[in-house]
Amino acid sequence: MKKPVVNEKLVECFEAGYDAFSRVAIRKKFHHQWANPMKQGTTGHKEWQRGWNTAYFDNLEKLNGLRTRG
């Protein structure tokens with residue numbers, strides 16, 4: 001059986017986006033969500049955003065219970 005082909009850089013981008021969901025930057029006494037550091041329109045940018053979205057929905061399900069996104 002062949003191993004699935006995985007681009008390690010894209011996995012890192014996804015994990016960075018997932019971790020960024022829980023990170024907050026404090027600027028001038030205000031809390032700001034961590035911004036996407038990737039160049040817009042690239043595959044890395046999309047993977048980072050996909051990781052952030054996954055963390056968001058995982059957190060939402062944790063707070064509201066399973067299958068209650070809507």
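Taking segment 43-54 as the range and being open to solvent by less than 50 Å² (accessible area, probe 1.4 Å) and either touching a His at 6+ places or on another chain (Cβ under 6 Å) or hydroxyl-bearing (Ser, Thr, Tyr) (or both) as the test, only Thr54 passes.
Lys28 meets each of the listed conditions (1) open to solvent by 100 Å² or more (accessible area, probe 1.4 Å); (2) at negative phi apart from (2). Cβ-Cβ contacts under 9 Å between residues 6 or more apart (or on different chains), taken from a first residue in segment 1-27 that is free of Cβ contacts under 8 Å to residues at least 12 places away in the same chain and more than 19 Å from Thr54 (Cα to Cα) to a second residue that is hydrophobic (A, V, I, L, M, F, W, C) and surrounded by 14 or more Cβ atoms within 10 Å (Cβ to Cβ), are listed as Ala25/Trp34. A count restricted to segment 1-25 and to residues that are open to solvent by 90 Å² or more (accessible area, probe 1.4 Å) and in a loop (DSSP other than H, G, I, E, B) stands at 7.
The values are calculated or read from the model by the stated rules, or taken from the named source; none is laboratory data. Please read these numbers as outputs of a predicted model, since none were measured by experiment. We place every Cβ from the backbone using ideal geometry, glycine too, and count neighbours over all the protein chains shown. Ligands, DNA and RNA are excluded from the accessible area calculation, which covers all protein heavy atoms including side chains. Shrake-Rupley method; radii C 1.70, N 1.55, O 1.52, S 1.80 Å.
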